[in-house]
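A short worksheet on the structure shown next.
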Amino acid sequence: MDVDLIVMNARVITMDAGRPFAQAVAVRAGRIAAVGGAEVAALAGPATRVVDAGGRTLLPGFVESHLHLVLGGAELVQLQIGGVMGFDALKAAFLDYAAKNPERALLMAQGAAYEILGAPVTRHDLDRVIADRPIAMMAPDHHTVWANTLALQMAGLLHGAQMPHGHEVVMGPDGTATGELREFEAFGPVLALGGEAHLQLGIATGGEPEPWPDQATFAADLDKVVAGLAHCAAQGITTMVNMDGNRYTCALLAALEEQGRLTARVRVPFHMKPHMELSELDRASAMTAEFDGDWVRSGFVKMFMDGVVDSRTAFMLNDYPGHPGHRADPLFEGERFKAICTEIDRRGLQIAVHAIGDAAVRATIDGYEAAGRANGLRDLRHRIEHIELIDRADVPRLGSLGITASVQPPHPPGVMDFPISTMEHVFHRERWRDAYLWKTLKDHGAPVAYASDWPVTDVSVLRGIQAALTRVPYEGAGDERLTLMETLHAYTAGGAWAGHWDDLTGTLRVGMAADLVLLDGDIEATDPMAIGAMGIALTIAGGRVTHAGPGFA
């Protein structure tokens, strides 16, 4: 049988230690049929598509180890205000969007900087933007929303609301809401005004839509996921770990697979929330059994140990600068978290925990350590998401326990799109040396997986690679950059291993899935400062072209 596709004359970086480099790859029936040199051309038949790469870099398809596919897809049609600063610019952007979207039930903006108005944003500020339609804007980190008075009234939040620990409707001295809503449960009622609350349920409550969405809603949701998939395919992404979601998310993805519209392999978690009983983990086990294919898998449990630094909800070992006595609180009590980790681990499920502050990171490691003591250390590849600050005493614990550092090159302030001013606001200067320690963690034995956390930051992997390679050390800190090959590994084979996809993808070897990305240039010969602008020539997932750049369609 003829091969379907041959990419020739490429600089192939295989991520296979047995043969790290090659010049050509052949694909047959969705799998890699050959990796080699000029001899691969002999496999071509009359129906074979032959692509001359012209010396461009060919890699395993990128593995995005932490993103939010459904939310990101839904947000593509919302107002984007990243980089917008000042009241006049904010008002102009909202008025333009409102005029173009007269039917939208909620005018929602994404990417609002915490310092967008130079002072804490209130509902009164947003009333001066638009008062007669509900409007809201989300911070880049997706942990804070600001809403105008009408939106708060319609959502039933204007006079406050009882919230789970760690979620807050911020109240003013007059006894009404200021307009600032912290964490998912607090801003969920506002997002519901736009008709998309059911898409937030997994990450917000760990629940499922009730009632189950009707056929029209399900079809509309499929289109939102497809938009997100296309956006990711254009960045060379063929595999992703979706960090929100629930069984409904899996059902959407499975439907797309059946329809032939699923263009990436996706892993979806069960969300364990502090209010849940251990018996709820039966749902996680059931999702794992139901979704375990080559394209849609579950198999892991996601938890949040804390919030984020910008809103000072990240759980710290020391007080925040300028806020004596404030360290924030963990979302899980320590002993209960250990019990939960032990039960998840006993079931043979992977654990992924959002932990940003150094106290949250320590508490998470303690939970994994307790699970290992109870059940024995097994190859479950538990992971910590973000690790923005870590106490030096905890650094070697990740490597010794086999915990993956799942970190995001676009996140450190001053590296890509986040302002360096964040460092001044939330980290004591003497602790800058303990922030975003990717190389230090790797040097101490922790596996590293890279990602964007889209839509928190731009999903562009090439921009992420540039950020990883060009990051300037913070004052008093060491150089935390990995090499180009280590960086590429963290976006391919490292991410595949961390997501339990390494049986299928992440390396270019005969028999592996034909997940490939052809860059529009030679990344090894490109100035690191120019990598972000390089572009993607071809994305191939399971042997199928999912994105083609100019000249490759």
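The values are calculated or read from the model by the stated rules, or taken from the named source; none is laboratory data. Computed from a prediction, not measured in an experiment: that's the story for all the values here. Glycine gets a Cβ as well: all are built from the backbone with ideal geometry, and neighbour counts include every protein chain shown.
Quick grid of which residues meet (1) at pLDDT below 95; (2) of a type in the set (Val, Ile, Thr); (3) outside the structural domain of residue 411 (by TED's automatic domain parsing):
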| residue | (1), (2), (3) |
| --- | --- |
| 9 | no, no, yes |
| 14 | no, yes, yes |
| 24 | no, no, yes |
| 27 | no, yes, yes |
| 45 | no, no, yes |
| 51 | no, yes, yes |
| 55 | no, no, yes |
| 74 | yes, no, yes |
| 78 | no, no, yes |
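The number of residues in the range 328-348 being under 21 Å from the mean Cα position of the chain (by Cα) and in a helix (DSSP H, G or I) comes to 0.
Residues in the range 384-396 that are touching a His at 6+ places or on another chain (Cβ under 9 Å) and either surrounded by fewer than 24 Cβ atoms within 10 Å (Cβ to Cβ) or charged (D, E, K, R) (or both): 385, 388, 395, 396.
Checked across the range 353-369, the condition of being without any contact (Cβ under 8 Å) to a residue 60 or more places away in the chain and surrounded by fewer than 20 Cβ atoms within 10 Å (Cβ to Cβ) holds for at least one residue. All conditions in (1) more than 21 Å from residue 281 (Cα to Cα); (2) buried (at least 20 other Cβ atoms within 10 Å of the Cβ); (3) touching a Gly at 6+ places or on another chain (Cβ under 9 Å) hold for residue 189, with the sole exception of (2). Is it the case that some residue within the range 466-475 is in a loop (DSSP other than H, G, I, E, B) and either in contact with a strand residue (DSSP E or B) (Cβ under 6 Å, 6 or more places away or on another chain) or not assigned by TED's automatic domain parsing to the domain that holds residue 434 (or both)? No, the range 466-475 contains no residue that is in a loop (DSSP other than H, G, I, E, B) and either in contact with a strand residue (DSSP E or B) (Cβ under 6 Å, 6 or more places away or on another chain) or not assigned by TED's automatic domain parsing to the domain that holds residue 434 (or both).
Results for (1) part of a loop (DSSP other than H, G, I, E, B); (2) hydrophobic (A, V, I, L, M, F, W, C); (3) closer than 15 Å to residue 358 by Cα, shown as yes or no for each residue.
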| site | (1), (2), (3) |
| --- | --- |
| 279 | no, no, no |
| 294 | yes, no, no |
| 314 | yes, yes, yes |
| 326 | yes, no, yes |
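Among the residues making up the range 466-486, those that are surrounded by fewer than 24 Cβ atoms within 10 Å (Cβ to Cβ) and of a type in the set (A, V, I, L, M) are 469, 472, 477, 482, 484, 485. Hey, among the residues in the range 156-186 that are modelled with pLDDT of 95 or more and of a type in the set (Asp, Glu), which one's surrounded by the fewest Cβ atoms within 10 Å (Cβ to Cβ)? The selected residue is 174.
May I ask you to list the residues in the range 436-465 that are without any contact (Cβ under 8 Å) to a residue 12 or more places away in the chain and in a loop (DSSP other than H, G, I, E, B)? Residues satisfying the conditions do not exist here. Considered as a group, the residues in the range 5-33 that are touching a residue at least 60 places away in the same chain (Cβ under 8 Å), in contact with a Lys or Arg (Cβ under 8 Å, 6 or more places away or on another chain) and hydrophobic (A, V, I, L, M, F, W, C) include one that is nearest to residue 511 (Cα to Cα), and that residue is 32. Within the range 59-78, the set of residues being within 16 Å of residue 497 (Cβ to Cβ) and outside any loop (DSSP other than H, G, I, E, B) comprises 59, 60, 62, 63, 64, 65, 66.
Based on this model, can you work out whether residue 506 counts as in a loop (DSSP other than H, G, I, E, B), closer than 30 Å to residue 288 by Cβ and touching a Gly at 6+ places or on another chain (Cβ under 8 Å)? Against the criterion (in a loop (DSSP other than H, G, I, E, B), closer than 30 Å to residue 288 by Cβ and touching a Gly at 6+ places or on another chain (Cβ under 8 Å)), residue 506 qualifies. So, of the residues in the range 114-143 that are of a type in the set (D, E, K, R) and closer than 12 Å to residue 179 by Cβ, which turns out to be surrounded by the most Cβ atoms within 10 Å (Cβ to Cβ)? Among them, the one singled out is 123.
In the range 294-311, the count of residues that are within 21 Å of residue 203 (Cα to Cα), at pLDDT below 95 and surrounded by fewer than 23 Cβ atoms within 10 Å (Cβ to Cβ) is one or more. Among (1) surrounded by fewer than 16 Cβ atoms within 10 Å (Cβ to Cβ); (2) in contact with a Ser or Thr (Cβ under 8 Å, 6 or more places away or on another chain); (3) among the small types (Gly, Ala, Ser), there is one condition residue 45 misses while meeting the rest; what is its number? Of (1) surrounded by fewer than 16 Cβ atoms within 10 Å (Cβ to Cβ); (2) in contact with a Ser or Thr (Cβ under 8 Å, 6 or more places away or on another chain); (3) among the small types (Gly, Ala, Ser), only one is false for residue 45: (2).
Confirm whether residue 165 is closer than 18 Å to residue 79 by Cα and in a loop (DSSP other than H, G, I, E, B). Spelling it out, it is not the case that residue 165 is closer than 18 Å to residue 79 by Cα and in a loop (DSSP other than H, G, I, E, B).
You will find that of 305, 287, the residue that is outside the structural domain of residue 169 (by TED's automatic domain parsing), closer than 25 Å to residue 513 by Cβ and not polar (S, T, N, Q) is 287 and no other.
Pairs meeting the criteria (first residue in the range 177-192 and more than 15 Å from residue 108 (Cβ to Cβ), second residue among the aromatic types (Phe, Trp, Tyr), beta carbons under 8 Å, at least 6 apart or on different chains) are 180/146.
The set of residues in the range 509-545 being surrounded by 23 or more Cβ atoms within 10 Å (Cβ to Cβ) and either at pLDDT below 95 or part of a strand (DSSP E or B) (or both) consists of 513, 516, 517, 518, 519, 537, 538, 539, 540, 541. Go through the residues of the range 84-107 one by one and say whether even a single one is in a strand (DSSP E or B) and either surrounded by fewer than 17 Cβ atoms within 10 Å (Cβ to Cβ) or without any contact (Cβ under 8 Å) to a residue 12 or more places away in the chain (or both). Within the range 84-107 (the criterion being in a strand (DSSP E or B) and either surrounded by fewer than 17 Cβ atoms within 10 Å (Cβ to Cβ) or without any contact (Cβ under 8 Å) to a residue 12 or more places away in the chain (or both)), the answer is no, since none of the residues qualifies.
Is it fair to say residue 185 is in contact with a Pro (Cβ under 9 Å, 6 or more places away or on another chain) and closer than 28 Å to residue 422 by Cβ? Spelling it out, residue 185 is indeed in contact with a Pro (Cβ under 9 Å, 6 or more places away or on another chain) and closer than 28 Å to residue 422 by Cβ. Here the range 340-394 is the region considered, the condition is being in contact with a Ser or Thr (Cβ under 8 Å, 6 or more places away or on another chain) and basic (Lys, Arg), and the residue that is nearest to residue 477 (Cα to Cα) is 383. The set of residues from the range 8-42 being in contact with a Gly (Cβ under 8 Å, 6 or more places away or on another chain) and closer than 20 Å to residue 484 by Cβ comprises 10, 11, 15, 22, 23.
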